[in-house]
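Note sheet for the following structure.
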Amino acid sequence: MGTDVAEVAEKLPDPCSFKVHFLMCTELLKLVDRISSTLPEIEAVRPRCSAGIQSLCLLNCSIEKAKLLLQYCSESSKLYQAVTGDLMVSRFQRLRSLLEQSLGQIQIMCPVMLAVEISQIMDDLRSAKFSLDSSEEEAGKALQGLLLQGASPSDSFETSEVKAIQYAAATLHITSQNAILIEKQSMEKLIDKVGDSEATTKKILKYLLYLLEKYGNLVLGDQSRNTRVQHEGEVASENRRKSSVHSQSVEVKSHRGYGHRKAQFDVLSRAILPEEFRCPISSRLMYDPVVIASGQTFERMWIQRWFDEGNDTCPKTKIKLDHLSLSPNTSLKDLISKWCVRYEVTVTDPTMKPEVLHTWESSSVSSVSTGHSMDYMQLRLDRSNFSSGSLVTSFTSDSPCTKIADGLSLMSMQTIEEHKFQSHATINETDLKFLSNLAELEWESQCEVVEEVKRHLNYSEEDYHSLSSENFVEPLVRFLKDACDRRDIEAQKTGSQLLLAFVSKNRSGISYLREEAYDLLETLLNSEDTEEALVILEVLSGHKYCRAKILASGALTSILKMLDSHSSFQERIIKILSNMSSSSDICPRIVSLECIPKLIPFFGDSTLAGKCAFILKNLCDVEEARISIAETSGCIASVTALLETGSHEDQENAVTVLLSLCSQRVQYCQWVMEEGVIPALVDISINGNEKGRVGALELLRLLRDIEYAEDRDCSGSDIDASKDTTDLPKEKKSSKTSGFFAKIPMFSKKKK
């Protein structure tokens, strides 16, 4: 009955096979080819969340639907395609939008380099032009004119039929006996495929076939009379077409393995874009240029995504960065703005999502068309109730290419996925639009909108990726500020929970949080919403670029004060400190806030002792931290206890802390040895993890040198003379250490 779906999906039609709408078909062919070549990389990412699976399914369905449309254009009747030209344009445009939206959803789930490639394809989708060729449009109008004239047979109407079919045939290159035969066969195949429910479509096809059969000889005769006049023009036209086919085919092939697209705007053909205006990641004109630690400038969105993926190197120089902070490059942005004004270039914000197409059609095309409505056409030979919606139904609903394994309809699958997409799009365009204008509503209405958005997002996690700073973060922060000013506890809690869900489920969206958001969190720490604020800060502190903002807001000071309150939040506070201490530039501030003495009580909690040791390990790079650890009562004892009771990781951290101390002062070595650490260190040097074993051996060697040192006087320059001697241990526990190294062969001294 026709071609199997699997066969259609395996390969794309040859550009030479397109009978009508050649430019639209080749444009769509290029785009589908590029997307298909990128699809293996997208599938390799394996997005496992429900949103990722749905988006990938929708993309695959969209690609298959595009292939079916291209296949239809290469096999269908030329005359029928000309008559339905406006509807075909609409179909191409809807497919373009469907591909763009599905790629947009997938893009945010992909690694940054793949996301850049997808972004470039989306740009090309947006700039693709789908419109009718003027000559084909006129041919379609001529045939549509017959359908609009009514059903009264007359000599004048037959004359109109002859003129219309001759003009359409000449325009569409149906100019030989063989071409007429092929056209008749194409229409007969379409008639066979049209179901009984599409009687109107079948009548149209039969009428077009009737015109060819009745006036075929006149068409050939007309062509014969005009051969001498039109021959040169037709040859030139055909040569241009073949040349275009060749160039399009070459272009399609060249897009396989597509790298960076250099041209962004048509205007760039008149103005050369300075290389320093391009983002090194996306190769596109920058909208919000920022400078990173390496001194290189990038588009904020793309470098932020690079850092979000855990990278700590410069994408351009590959140098490891000292920090991940971003500084606006205002001078470059001014230069870009002046250049854009001069050459009339508009730069769009790359973080802004394209508008969502509200209406996604099912397998049959809507009766809406552009330019010419055919809803009221009356077909001769009992043509009535003509509906343009039925024109291409034979291709979409009754085509033999619409069935796949197990009787599942490919088009039905598309309809389901498109309906889901439409549902999400509608919600984003309504509820989130209200959130953008939240401040304009009465307070009670604001609370209701925030509650409604929170309820929706709880059931639709994929929509978190559609949120931006303008339509979500900034209005929500303002709402929370107002709630604090009004002392509306319920509104504070609702807003805090919504903000928590956002930072937890939209990693890339965290960059939208500005300084005022961190200041707000510091305020919430001292309110009834302390728990929500702490959870948000725990999430944010896990991101390197957020820690400096947390410190600047004063939240760290408030958090450390809470450690003394014996509250139920202490475990969460320890986790925040653990995250914050991972940034070396923040450690001095943590030490200055007297964090170390506050940690000692938590070493007695087996669930927190390891975290505390991790914090101390991070702080040990600071001289003041080492002094505080050594001189804080019970600190060394707490750390050494982990050598016996802690996990391998805890033991490793404890060894690192002790090694850091002993490497600095002899007195610290003696205090460590007085805790009887040698047996535990020997055990770790044999049974610990790799880093633990290395550290334990190094510490044992260091302590061995102290044990055998002849001069044990620690009153020299390495002891702080101002230290109160009453704070020092009053007696050495020599019974625990003396002579122990002599019993260990690897540490025994060789006799001279």
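The values are calculated or read from the model by the stated rules, or taken from the named source; none is laboratory data. Since the structure is predicted, the reported quantities are computational estimates derived from the model, not experimental observations. No Cβ is skipped: glycine too gets one built from the backbone with ideal geometry, and neighbour counts run over all protein chains shown. Just the protein is used for accessible areas: all its heavy atoms, side chains included, with ligands, DNA and RNA removed. Shrake-Rupley method; radii C 1.70, N 1.55, O 1.52, S 1.80 Å.
Numbers at a glance
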quantity: Residue list for the range 455-475, restricted to those being modelled with pLDDT of 75 or more and either assigned to a loop (DSSP other than H, G, I, E, B) or more than 22 Å from the chain's Cα centre (by Cα) (or both); calculated: 455, 475
quantity: Residues located in the range 46-66, provided they are modelled with pLDDT of 85 or more and either touching a Pro at 6+ places or on another chain (Cβ under 6 Å) or open to solvent by less than 20 Å² (accessible area, probe 1.4 Å) (or both); calculated: 59, 61, 62, 63, 65, 66
quantity: Failed condition for residue 509, given (1) open to solvent by 10 Å² or more (accessible area, probe 1.4 Å); (2) touching a His at 6+ places or on another chain (Cβ under 9 Å); calculated: (1)
quantity: Given (1) aliphatic (A, V, I, L, M); (2) open to solvent by less than 30 Å² (accessible area, probe 1.4 Å); (3) without any contact (Cβ under 8 Å) to a residue 60 or more places away in the chain, index of the condition residue 500 fails; calculated: (2)
quantity: Matching residues in the range 659-676 - criterion: being under 16 Å from residue 622 (Cβ atoms) and either open to solvent by 30 Å² or more (accessible area, probe 1.4 Å) or modelled with pLDDT of 95 or more (or both); calculated: 659, 663, 664, 665
quantity: Residue count, the range 176-213 (criterion: open to solvent by 50 Å² or more (accessible area, probe 1.4 Å) and outside any helix (DSSP H, G or I)); calculated: 2
quantity: Residues of the range 92-102 that turn out to be in contact with a helix residue (DSSP H, G or I) (Cβ under 7 Å, 6 or more places away or on another chain) and either open to solvent by 10 Å² or more (accessible area, probe 1.4 Å) or not in a helix (DSSP H, G or I) (or both), as a count; calculated: 3
quantity: Any pair with Cβ under 9 angstrom, 6 or more apart, that starts in the range 540-565 at a residue that is in contact (Cβ under 8 Å) with a residue 60 or more places away in the chain and on the phi > 0 side of the Ramachandran plot and ends at one that is assigned to a helix (DSSP H, G or I) and open to solvent by 20 Å² or more (accessible area, probe 1.4 Å); calculated: none
quantity: Tally, over the range 96-127, of residues that are under 11 Å from the mean Cα position of the chain (by Cα) and farther than 30 Å from residue 84 by Cα; calculated: 15
quantity: Candidates 83, 32, filtered to the one that is within 18 Å of residue 132 (Cα to Cα), modelled with pLDDT of 85 or more and either open to solvent by 10 Å² or more (accessible area, probe 1.4 Å) or more than 14 Å from the chain's Cα centre (by Cα) (or both); calculated: 83
quantity: Considering residues of the range 512-569 that are open to solvent by less than 10 Å² (accessible area, probe 1.4 Å) and among the β-branched types (Val, Ile, Thr) only, the residue farthest from the chain's Cα centre (by Cα); calculated: 559
quantity: Meets criteria (within 48 Å of the chain's Cα centre (by Cα) and either open to solvent by 20 Å² or more (accessible area, probe 1.4 Å) or over 28 Å from residue 304 (Cα atoms) (or both)) for residue 163; calculated: no
quantity: Cβ-Cβ under 7 Å pairs, at least 6 apart or on other chains, the range 321-338 side under 18 Å from residue 293 (Cα atoms), far side open to solvent by 50 Å² or more (accessible area, probe 1.4 Å) and part of a helix (DSSP H, G or I); calculated: 324/544; 325/548; 326/300
quantity: Qualifying residue in the range 110-117 (condition: part of a helix (DSSP H, G or I) and open to solvent by 20 Å² or more (accessible area, probe 1.4 Å)); calculated: yes
quantity: Selected residue (criterion: nearest to the chain's Cα centre (by Cα)) from residues of the range 128-140 that are open to solvent by 70 Å² or more (accessible area, probe 1.4 Å) and under 23 Å from residue 94 (Cβ atoms); calculated: 129
quantity: Among the residues listed as 159, 200, 171, the single one being over 30 Å from residue 53 (Cβ atoms) and modelled with pLDDT under 80; calculated: 200
quantity: Within the range 56-99, tally of residues that are touching a Cys at 6+ places or on another chain (Cβ under 9 Å) and under 30 Å from residue 210 (Cα atoms); calculated: 10
quantity: Helices (runs of 4 or more DSSP H) within the range 507-574 that include 1 or more residues within 15 Å of residue 496 (Cβ to Cβ); calculated: 515-525, 530-541, 555-562
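Quick grid of which residues meet (1) in a loop (DSSP other than H, G, I, E, B); (2) without any contact (Cβ under 8 Å) to a residue 12 or more places away in the chain; (3) among the aliphatic types (A, V, I, L, M):
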site: 290; (1), (2), (3): no, no, yes
site: 294; (1), (2), (3): yes, no, no
site: 298; (1), (2), (3): no, no, no
site: 305; (1), (2), (3): no, no, no
site: 317; (1), (2), (3): yes, no, no
